[in-house]
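What follows draws every value from the coordinates through simple rules; no lab data is involved. As the structure is a prediction and not an experimental result, all values here were calculated from the model. Heads up, the Cβs are rebuilt from the backbone with ideal geometry, glycines too, and the neighbour counts pull from every protein chain shown.
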Amino acid sequence: MNLNNIIQTIAFLSLTGPGIVGNIIMFVRLVYTSAFWTEKKPINLILIHLVFSNMIIICSTGIRDVATVFYFRNFLGHIGCKAVVYLARLARGLSICTTCHLSMVQAVTIGLRTSIWKKLKPQTSWQVLTYVFFFWILNILTSSNLLYYITTSSSMNRSEVTGYIGYCYMLPSRQVVKWLFLLLMAVRDLIFQSLMGWSSGYISFQLYKHHKHVLYLHSCRFIKSFSPEIKAAQSVVILMICFLFFYWGDFIFSVYTGSTVTHDSIILNIKTYLILGYAVLSPFVLISRDVPVAKS
């Protein structure tokens, strides 16, 4: 193990370690609240699902990268390679859908009072589970091509592969299949990110108006205090900035590595950190800001 691998391992553990701890703390907190508090909040189930998706991303990416850094070529094998890459892609899609769901529910709770939008607000946990089930089916189908086209480097000639993920490789596929799944992922991401951006902007706007109204009614000595509404708006903005930064960073590097079939360790490490970034930081944003931002 050379110096480069040692540095890479330390950097990787410094990212995944706090991420695992943060998500576990958030998970325990949410489960405890849901189990022992008299008032049940369906929004807690959305947050539990987001934390669960984060844990899958961290663990699946971590297993793959440990095998790559330490050269454990037989650590995963053919089936294991398919499993960790598939789970990482699946969890990434679940994270997008769940973050969008959380943002939409908060937007409906805060300001959208029309009958059409109020139907999106979950009244029971079973309604949340319906959306969760839909997200799983959608992302299982969207990522299903990986179960066939992912293989290990030892089983294929590198000249025959079209993609590189750790020490796992992606086999060439027919153009129809390739563009079909790319289109499905692009449509999914476009729809959910558009809804996410719109609902987050709406929340921030409504909370800003409410805060200005409160300042107008109260004396000036309250101006410097941070109301719960402002903290809630900041939580939404921080989450969305984190998500968009890491998502688009990963997207840009994915396009680059996919078009060049590069095996450059620096590029691949940066891409890994971008994949893990939101999963690692989001629980700390939720904990520090005491999200959920609105009662369901």
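Working note: Karplus 6.51/-1.76/1.60 with θ = phi - 60° gives the range 193-205 the couplings 6, 5, 5, 5, x, 5, 5, 5, x, 5, 4, 4, 5 Hz, where Gly and Pro are set to x.
Counting beta carbons within 10 Å around each of L102, L141, L195 and listing the fewest first gives the order L141, L195, L102. Once both labels are positioned 7 Å from their Cα atoms along Cα-to-Cβ, the gap between I140 and W126 label points is 2.1 nm.
A simple rule links phi to the HN-Hα coupling: the Karplus curve 6.51 cos²θ - 1.76 cosθ + 1.60 with θ = phi - 60°, which for the range 180-185 gives 5, 6, 5, 5, 4, 5 Hz, with x for Gly and Pro. For M104, M240, the sequence from fewest to most other C-beta atoms within 10 Å is M240, M104.
Here's how it looks for Y169: its modeled amide H is under 5 Å from those of T151, T152, S153, which are all 5 or more places away or on a different chain. Per-residue Cβ neighbour counts within 10 Å put W136, W179 in the sequence W179, W136, beginning with the fewest.
Greater than 28 Å separation of Cα atoms is the criterion. Which listed pairs, K121/K271; K121/K178; K41/K209, meet it? Pairs exceeding 28 Å: K121/K271; K121/K178.
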